[in-house]
Every structure is written in structure tokens, then in C-alpha cells.
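Asks: Below is the structure I would like to discuss, written out as C-alpha cells.
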Amino acid sequence: MNDVFLRAARGEATEYTPVWFMRQAGRYQPEYRKIRERYTLPEIVRHPEVTAEVTLMPVQNFGFDAAILFADITTPLYGMGFELDIVEGKGPVIHNPVSTADDVGRIREFDPGESTPFVLEAIRILKGELPVPLIGFSGAPFTLASYLVEGGPSKNFVKVKSLMYSRPAAWQELMEKLTTAMANYMRSQVEAGADALQVFDSWVGRLTRYDYETYVAPYMRRLFAELAGLGVPVIHFGTQTMHLLTSMAAAGGDVMGVDTATPLDWARDRLGARPVQGNLDPTLLFAPADVLERGVEAVLSANAGRPGHVFNLGHGVLPGTPTAAVARAVELVHEKSAVKP
Ligand code: CP3
């Protein structure tokens, strides 16, 4: 197996910089859109052989150094008693959102073997087929809570922050339940064969540092402490998190995700030897070839040859991204980072 991604994630110097993209398996690929004509996203996830095919596709087409399991952060929520849909162009919509302490009390304990056996089966299939490591993942408690309390995507996070500020007991129970569930979910993925994990705290950057430390960090510390025993590298990712980066790093994770707005050299200067992942602007994949090339070079030169860099976007691949640009970006990372003998 090509293990350059795993070595970089452990902070080792590598012969070139490994690269994968968040949302690398999605809608920008014509083969994926074809499959979506026949299956909805939750249906793909419930068919392990289709999940495996979709997960493998970008690795075969573009030469990525890691695969990310095809699922969604909402996948485990059905097993906790939530009814939801994923609405195209919008995101997850929860039909029975959490608003009271009673709603929190009704959230069911999550059993991965019972609720997401198809995810574990997909991982087992992939382990026999993938030439690169497989990254399992889950949403982080705050990001999941934001969907569960808001009922869907949110701009200002008023409902979730109101619960957080004004109902401390309900907030604590909600965060504890989500932390336990996601620790169990990710442990089951590693037991099925996942080689690494990524925790997506996509919306946590909308909190102040004080609120992060007060209302979120205690649960993140427990989550990462539970994952640390699994023996696989864990990536800790959020967006708009420049102000939180050192607090998030203190909570845990072997590799820190760096978003597009955070200069990579600034992040590395503050994180010491901690490996980082990032942070090409996803919209550069829509730019002319020479502009994309300069963008890739800028990320590599911000890293300045320090070991422990996993190349990625600052956030996921956007719908409509030209596949040729994805192929070119992977090639550029490999070429320009290669250590010349
Ligand atoms: O390729 C991969 O990265 C693996 C699969 C993956 C998906 N979602 C599949 C998906 C991963 C890792 C996710 C994580 C996810 N889902 C996050 C965290 C990452 C991030 O972007 O910050 C979040 C916040 C979600 C919630 C979610 N699911 C959103 C906001 C959307 C977009 C809705 C839309 O239509 O614009 C989804 C749907 C989704 N998840 C799609 C895919 C491929 C696209 C919809 C489809 O194919 O029907």
C-alpha cells in the first residue's frame, strides 16, 4: 500500500507531499452524478458495494494518496432517532429537531453494528481494493448539534447558541451523548479497517474562543482521548478557525486542519511540530492553469519543506469543479513537492 499519507500524518519526512481532497468523491464527477441518477445519497451509503465504488473512484481517476469513506456526517443520526433528508443545494434537514431538554433525553444510544452495519461492510470491502489508506470520519459534537438544534444548515446559529448559553444541563447532556456516539462510531470504523480518522467540526469557527473553551473543548478533549488509543492518526478539522486553532490543537488530534483563510505558515509557526493538513482555496480549481499552479506553489512554499504536511483544500471540493483541474492539482502537488535525489 502507498502509505505516504500515513507517514506524513505522523509527522515524518516523505519523498513527496501526499494529497487528498475533502469531498473528493462528490458531485463534480460525472461518474458520481450517474450513480446519483439511480440512488439518493442515503441509498448509496446503504449499499456497501456502491459506497466502495464511489470511494474508490477519485483515487483511480486522479491518483489521490488517500481515500475518504463515502458517507455523510448525518449517516449515524438515523440510528439515534432522527428523521432527516439531504436537500440538494442546501444540506441536511432534520424533521424532528432538538429544542427542549426532553428532546435531548429521547436521543437514543448509538450502536454502530446495529445502526450502520453497511458503513462497516463498505470499509471491509474497500480494504481489499484500495491502493491507498482509507480515512474514516464523523462530525464533531458541536457541528452535529448545530444541525440537530437548528433543524438544518444555519447562518447565525441562534438556536444552537441559545440552547448552549441558557440550558447548561441540556447542552451538557446533548454534547455528552454526541461525544459518546461519535467515539463509538469512529472506533467501529477503525475496527473494520479504517487507517485514519478525520473529525469534521465544520461550523465551530462561528464560536468565540471563550465560548469554544467553555462549551465545546471539554467534549473534544474526551473525544480525542478516546480516539488516541486506536492507533491511527486523527485529523482535527474546522473552517474559519484561525482564532481557535491553538485551542483546537490543545483539545487534540494528531493533524490540524488549516482552512483557506488561515495562512499555512502562520499555523505552522504556532503549532510547533504538529502535522497540518490544507489549505488550497477550492475556488482556485476554477482558475486558469497558471493561476492554479501559482496557488499550489504558494501552499507548498508556505509549508517550506517542513515534515508533516498533508496537502488538501481548505474546505471541500465545490460542485461544478472541473475534473481536469483536480487531476492537474494532484499532479502539481506531486511534481513540485518531490524531493530530488
Ligand atoms: O468525498 C467525501 O469527502 C466523502 C463523503 C462526505 C460527504 N459529506 C458526502 C456528501 C463527507 C466527508 C461529508 C461530510 C459532511 N457533510 C460535512 C463536513 C464537511 C464539510 O463540508 O464541512 C458536512 C457539514 C456535511 C453536511 C452536508 N451533507 C452538506 C452541507 C451537504 C451539501 C448539500 C448540497 O446539496 O449542497 C451534504 C450532502 C453531501 N454529502 C453530498 C455528498 C457527496 C452532496 C449531495 C449529493 O450527492 O446528493
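Asks: Rg and Dmax of the stretch 84-209, Cα atoms, in Å?
Replies: According to the Cα coordinates of the stretch 84-209, Rg and Dmax are 15.9, 49 Å.
Asks: Under the rule of -39500 (n - 2.57) per DSSP H run of 4 or more residues, summed and divided by the residues of the chain, what mean residue ellipticity at 222 nm is obtained, to the nearest 500 deg cm²/dmol?
Replies: -14000 deg cm²/dmol
Asks: If each Cα of the stretch 131-274 is one equal point scatterer, what is log10 of I(q)/I(0) from the Debye formula at q = 0.12, 0.16, 0.19, 0.21 Å⁻¹?
Replies: -0.47, -0.84, -1.15, -1.34
Asks: Per the Kirkwood definition applied to all pairs of different Cα atoms, how many angstroms is the hydrodynamic radius of the stretch 250-324?
Replies: It works out to 12.9 Å.
Asks: Something else about it: To the nearest whole percent, what portion of all C-alpha pairs in the stretch 65-110 is separated by more than 12 angstrom?
Replies: Tail of P(r) above 12 Å: 68 percent of Cα pairs.
Asks: Please report, in debye to the nearest 20, how large the charge dipole of the stretch 169-288 is about its Cα centre when each Lys and Arg carries +1 at its beta carbon and each Asp and Glu carries -1 there.
Replies: Dipole about the Cα centre, nearest 20: 140 debye.
Asks: Hey, could you grab the Kirkwood Rh for the stretch 193-234? Inverse mean 1/r over distinct alpha carbon pairs, Å, one decimal.
Replies: Evaluated over the stretch 193-234, this radius sits at 11.6 Å.
Asks: Once each part is reduced to its C-alpha centroid, what is the distance from the stretch 97-125 to the stretch 266-341 in angstrom?
Replies: Measuring centre to centre over Cα atoms gives 35 Å.
Asks: Here is a follow-up. At 10 °C and a viscosity of 1.306 mPa s, what translational diffusion coefficient does Stokes-Einstein give for the stretch 23-85, taking Rh as the Kirkwood radius over Cα pairs? Give it in µm²/s as a whole number.
Replies: Taking Rh from Cα pairs, D becomes 128 µm²/s.
Asks: Please list 48-57, 84-93 highest first by mean number of surrounding beta-carbon atoms within 10 Å per residue.
Replies: The most tightly packed comes first, giving 48-57, 84-93.
Asks: Quick one: net charge of residue 273's neighbours, Cβ under 14 Å, K/R +1, D/E -1?
Replies: Summing Lys and Arg as +1 and Asp and Glu as -1 gives +2.
Asks: If packing is taken as the average count of other Cβ atoms within 10 Å, what order do 251-261, 114-124 fall into, highest mean first?
Replies: By packing density, highest mean first, the sequence is 251-261, 114-124.
Asks: Can you find, among 63, 6, 79, the residue sitting farthest towards the positive end of the charge dipole of the stretch 1-135, where Lys and Arg contribute +1 and Asp and Glu -1 at Cβ?
Replies: The residue sitting farthest along the positive end of the dipole is 63.
Asks: Roughly how many debye, to the nearest 20, is the charge dipole of the chain about its Cα centre, given +1 on each Lys and Arg Cβ, -1 on each Asp and Glu Cβ, and no other charges?
Replies: My answer is approximately 540 debye.
Asks: Right, another one. Using a Gaussian network model on the chain with a 10 Å cutoff between Cα atoms, which of 197, 318, 264 fluctuates the most?
Replies: In the Gaussian network model the winner is 318.
Asks: Can I ask one more? Apply the a/c threshold of 1.5 to the C-alpha gyration tensor of the stretch 1-125 and tell me whether it is rounded, prolate or oblate.
Replies: It comes out prolate by the Cα gyration axes.
Asks: Next up: How large is the Rg to Rh ratio of the stretch 1-51 when both quantities use alpha carbon positions and Rh follows Kirkwood?
Replies: 1.16
Asks: Once fully extended, how much extra length lies between residue 12 and residue 324, figured as 0.36 nm per residue of separation less the alpha-carbon to alpha-carbon distance?
Replies: Extra length available between residue 12 and residue 324 comes to 109.3 nm.
Asks: Shifting gears a bit: Work through the residues other than residue 183 whose Cβ is under 9 Å from its Cβ and net out their charges, Lys, Arg +1 and Asp, Glu -1.
Replies: +1
Asks: Give me the distance between the Cα centres of the stretch 1-22 and the stretch 222-239, rounded to whole Å.
Replies: That distance is 17 Å.
Asks: How are the alpha carbon pair distances in the chain distributed across 20 Å bins from zero to the largest one, expressed in percent?
Replies: 32, 61, 7, 0
Asks: Something else: Which values, in whole Å and largest first, are the semi-axes of the equivalent ellipsoid of the stretch 195-341 obtained as the square root of 5 times each eigenvalue of the Cα gyration tensor?
Replies: Calculated on Cα positions only, the semi-axes equal 28, 17, 14 Å.
Asks: In vacuo Debye scattering of the stretch 209-286, one point per C-alpha: log10 I(q)/I(0) at q = 0.19, 0.26 Å⁻¹?
Replies: Log-scaled intensity ratios, in q order: -0.81, -1.26.
Asks: Follow-up. Taking every pair of distinct Cα atoms and averaging 1/r, then inverting, what Kirkwood hydrodynamic radius in Å comes out for the stretch 273-316?
Replies: 10.8 Å
Asks: Compute the angle between helix 289-303 and the longest alpha-carbon principal axis of the chain, please, reported from 0 to 90 degrees and rounded to the nearest 10.
Replies: 70 degrees
Asks: Sticking with this one: State to the nearest 20 debye the size of the charge dipole of the stretch 28-103 about its Cα centre, where the only charges are +1 on K and R beta carbons and -1 on D and E beta carbons.
Replies: Using Cβ point charges on Lys, Arg, Asp and Glu, the stretch 28-103 gives about 260 debye.
Asks: Let me ask something additional. List the pair-distance distribution P(r) of the stretch 107-179, using every Cα-Cα distance, as the percent of pairs falling in each 10 Å bin from 0 up to the bin containing the longest distance, rounded to whole percents.
Replies: Spelled out per bin, shortest first, that is 16, 36, 25, 17, 5.
Quick note: the coordinates plus some simple rules give every number you see, no bench work behind them. Note that the structure is predicted; figures quoted are calculated from it, not measured. Heads up, the Cβs are rebuilt from the backbone with ideal geometry, glycines too, and the neighbour counts pull from every protein chain shown.
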